[in-house]
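Peer 1: Could you have a look at this structure, given as structure tokens, before my questions?
Derivation of every value follows stated rules applied to the coordinates shown; laboratory data play no part. Since the structure is predicted, the reported quantities are computational estimates derived from the model, not experimental observations. Cβ sites come from the backbone with ideal geometry, for glycine too, and all protein chains shown count toward neighbours.
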Amino acid sequence: MAYDAIIIGGGACGLMCAVQAGLLGKKTLLIERNDKPGAKILISGGGRCNYTNLYTTVDNFVSENPKFLNAVFSQWTVDDTVQFFENFGSIKGQEKTLGQLFPTTNKAKDIVAVFTKLMYETGQDIWLDTEVTNVEEDGGGFVISFTKSGKNGKISSPKVVLATGGLPVAKLGASDFALRMARKFGLQVVDTAPALVPLTITGKDADWYASLAGNSVYSRVYNEQISFEENILFTHWGLSGPAILQISSYWKPGQSFTIDLLPKFRLEELIKQEREFGGKRLVSQLLNDFFTKKMVDALGAFLPLQTKIASLSKADAKLIIERIHKFQVKPAGDKGYDKAEVMRGGVSTTELLTKTLAAKKVPGLYFGGEAVDITGWLGGYNFQWAWAAGYAIAQDI
């Protein structure tokens, strides 16, 4: 069988690439090492799949060159994603927090089913339980070495798409294959690290964080680069929750960030109001209006909880305001790739053509999805990038 292209990786980018090529009358082979396609799609959003974000812009991505996305996103927009799933899967989206779009069925398998159905209808082939071990140039095309059912084999194709994802979640087949192939072909790879990942606290503060395990607090988490306002979650080993996962993409070991534990209010004003009414309440009583008892008790390690507000010195009032609005955190590390949503870094965008994602140095070789130095925020952005990348590559196939 002669194929127009072989796509390695049956995740979001690879699946979209295969069906879009099929819709253009091309014949592709999709090779996936798992026993079913879309493994990461199926577990995303707790099995509900947050398949895009209505407010996607290039500013929602971490990269050495986020503006690289403009050319891809101009070809495939959020509206295109919405229409694609409505037209081919009768999937209506429902908006949740901050533009996150989920299928009304709340079933990620419905998203994957759109692709498996389209692949069948457009005559695309798929090999499951097949691991690609090498890609080599061969007379203007490529030879792909693979292992299937315990046997080694080779297959040729004029074009190859590397959409094998990144390093997070090894149990779903994560690997560095695309990065290894990029280096082999002389392409620059931006240093990789876990992203959208929980952060760990060790040392003298570890017990304090552990004592608050299970407490969720709506907060603003920020550093010099960025700010996120969502929930944080205290855990036995440190911090998690949406705002922490977001800031982790902008954090490196050794760095600190700040948490405003009460972003909707100003404690300075609250203390002033309490004093105007006599200030008879204790600091703990004021804080109990906003935090759980466990949280307030834990804050007692730093704050004069049993002092009446009327009796607060300027120094104590400043201490309370600083601790609540400018809580400093210096994580020891992160929970690693197995707990990360995505990988930061990857194949440098300087190595790829902006409209097609083809490698400049290796005609016919494409990179898409998580393998590229494009990392979206939490909330559907990475899926939007994957769909758009798959579409853009397919147009050039």
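Peer 1: Note down the relative contact order for segment 40-107 as a percent, whole number, built from C-alpha pairs under 8 angstrom at least six residues apart.
Peer 2: It rounds to 42 percent for segment 40-107.
Peer 1: K294: which lysines have alpha carbons under 18 Å from its alpha carbon, excluding same-chain residues fewer than 8 sequence positions away?
Peer 2: Here the lysines satisfying the reach criterion relative to K294 do not exist.
Peer 1: So what's the convex hull volume per residue for the Cα atoms of the chain, in Å³?
Peer 2: In the chain, the Cα hull volume divided by residue count equals 145 Å³.
Peer 1: I've got another one for you. Output the relative contact order of the chain, whole-number percent, from Cα pairs under 8 angstrom with separation of 6+ residues.
Peer 2: Numbers: 867 pairs, mean separation 99.2, N = 397.
Averaging sequence separation for qualifying contacts and normalising by length gives 25 percent for the chain.
Peer 1: Cα-Cα over 23 Å: which of K171/K335; K159/K355; K204/K272?
Peer 2: Exceeds cut-off: K204/K272.
Peer 1: Can you classify segment 199-334 as rounded, prolate or oblate using the Cα gyration tensor, where a ≥ b ≥ c are the square roots of its eigenvalues, rounded means a/c under 1.5, and otherwise it's prolate if a/b beats b/c and oblate if not? Write down the numbers at each step before the final one.
Peer 2: Values: a/c = 2.18, a/b = 1.79, b/c = 1.22.
Judged from the Cα gyration tensor, segment 199-334 comes out prolate (a/c at least 1.5, a/b above b/c).
Peer 1: Counting Lys and Arg as +1 and Asp and Glu as -1, what is the net charge of the other residues whose Cβ lies under 12 Å from the Cβ of F73? Kindly include the intermediate steps, with their values, before the conclusion.
Peer 2: Values: positive: K67, K355; negative: D59, D79, D80.
Taking every other residue near F73 into account, the sum is -1.
Peer 1: Looking at the chain only, what percent of DSSP beta bridges run antiparallel? Nearest 5 please.
Peer 2: 80 percent
Peer 1: State to the nearest 20 debye the size of the charge dipole of the chain about its Cα centre, where the only charges are +1 on K and R beta carbons and -1 on D and E beta carbons.
Peer 2: Its charge dipole is roughly 680 debye.
Peer 1: Which value in deg cm²/dmol, rounded to the nearest 500, describes the helix-derived mean residue ellipticity at 222 nm for the chain, given -39,500 (n - 2.57) per DSSP H run of n ≥ 4 and division by the residue count?
Peer 2: For the chain, the value works out to -8500 deg cm²/dmol.
Peer 1: If you take the Cα Rg of segment 258-397 and divide it by 2.2 N^0.38 Å, with N the number of residues, what do you get? Could the numbers behind the result be given before it?
Peer 2: Values: Rg = 25.4 Å, N = 140, 2.2 N^0.38 = 14.4 Å.
In units of the globular-protein estimate, segment 258-397 measures up at 1.76.
Peer 1: Moving on to the next point. Could you work out how far the C-alpha centroid of segment 176-228 sits from that of segment 311-366, in angstrom?
Peer 2: Segment 176-228 and segment 311-366 have Cα centres spaced 6 Å from each other.
Peer 1: Using Cα pairs closer than 8 Å and at least 6 residues apart in sequence, work out the relative contact order for segment 199-334, in percent.
Peer 2: 30 percent
Peer 1: OK, next. Given C17, S211, T28, which one lies farthest toward the positive end of the charge dipole of the chain, if we put +1 on the Cβ of every Lys and Arg and -1 on the Cβ of every Asp and Glu?
Peer 2: So the residue furthest toward the plus end is S211.
Peer 1: Toward the positive end of the charge dipole of the chain, about the Cα centre and with charges on Cβ (Lys, Arg +1; Asp, Glu -1), which of G150, Q124, M343 goes farthest?
Peer 2: Selected residue: M343.
Peer 1: A further question follows. Quick one: pull the percentage of alpha-carbon pairs in segment 205-265 with a separation above 15 Å. Spell out each step's value before the answer.
Peer 2: Numbers: 895 of 1830 pairs.
Percent of Cα pairs beyond 15 Å in segment 205-265: 49.
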